[in-house]
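Below: the structure, in structure tokens.
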Amino acid sequence: YQLKVRAMAALALGVVDLPAAEKISALKVGLYDADRQTRMESVKSLAALGAPSLEVLEASMTDVSIGVRNAGLYGMYLLGPEARPALGSLKDLLINEDLNLDPLSFEIFWRIGPEAADTLGSALNTTNAVAKYRLLKAMVPLRRLIYPYRDQFIEGLKHPAPKVRSESARALISAGRVDAKVAALLFPLLRDDAVEVRLTAVQLLNQRVP
């Protein structure tokens, strides 16, 4: 019963007539609550306040609790373009291989908008295969915005890690201008040692190449 009361209080804070600072202070407590429903109602109410809630939500993404981190991430997702100042923090969260990621960790960059392409693309030179794969996966939904990084996608087709080769192929196709030259780059992947890479190549060639 007490859990429901806390969750409903967080929901109510989103609509009552109080100064934004007071709401944020109260909802911050809910964001760190042990109860998932309370956390989620808190982040929804925080996100409804817009940009003023960004500082609290961004700080929560470094918490030791995965529940708190994911709640903060969801709040950022709801903010959409207003979360733009936190792109650097979101990128750091994405490439931290010590963390198990929520799917929103990838989707949020598309939600924020065009600036995300450069935030992700500027980090592609990493030698860490896990980080590179995650960056590529987050870039794919950005489509033509990632075209400036086309050469790095082509280079990634020869990366030692199968996941990087597969995601580089997806990014290359997503970036646009699919022609015979692009198809020629993908054909060698049909003979790749890794099954997942071969399947990715077949799927992409069937979908996008005449």
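The values are calculated or read from the model by the stated rules, or taken from the named source; none is laboratory data. These figures come from a predicted structure and were not determined experimentally. As a convention, Cβ positions derive from the backbone with ideal geometry for all residues, glycine included, and neighbour counts pool all protein chains shown. Accessible surface is based on the protein model in full, side chains and every heavy atom, while ligands, DNA and RNA are left aside. Shrake-Rupley method; radii C 1.70, N 1.55, O 1.52, S 1.80 Å.
Working from label points 7 Å from Cα in the Cα-to-Cβ sense, the L199 to A59 distance is 4.4 nm. In this Cβ point-charge picture (+1 for Lys and Arg, -1 for Asp and Glu), region 1-129 has a dipole of about 360 debye about its Cα centre. Ignoring any ligand, DNA or RNA, what whole percent of the accessible area of the chain comes from carbon and sulfur when the probe is 1.4 angstrom? Its accessible area is 55 percent carbon and sulfur atoms.
Which angle between 0 and 90 degrees, to the nearest 10, do you get for helix 162-174 versus the longest principal axis of the chain when only C-alpha atoms count? For 162-174 against the chain, the angle is about 90 degrees. Among L199, L93, L136, the largest mean-square fluctuation in a Gaussian network model of the chain, built with springs joining Cα atoms closer than 10 Å, belongs to L199.
As a length-normalised measure over Cα pairs under 8 Å and 6 or more apart, the relative contact order of the chain settles at 12 percent.
Note the angle between two axes, namely the Cα long axis of helix 20-31 and the longest principal axis of the Cα atoms of the chain, as a number of degrees from 0 to 90, rounded to the nearest 10. Between helix and principal axis, roughly 70 degrees. On a per residue basis, the chain carries 52 Å² of accessible surface, using protein heavy atoms and a 1.4 Å probe. To the nearest 10 degrees, how steeply does helix 129-139 sit against the main Cα axis of the chain, on a 0 to 90 scale? So the helix axis and the longest Cα principal axis differ by about 80 degrees.
Computed on the chain, the Cα convex hull volume stands at 129 Å³ per residue. To the nearest 10, the accessible area of V197 is 0 Å² with a 1.4 Å probe. Measuring r between the beta carbons of I66 and N206 and using R0 = 35 Å, the FRET efficiency lands at 0.40.
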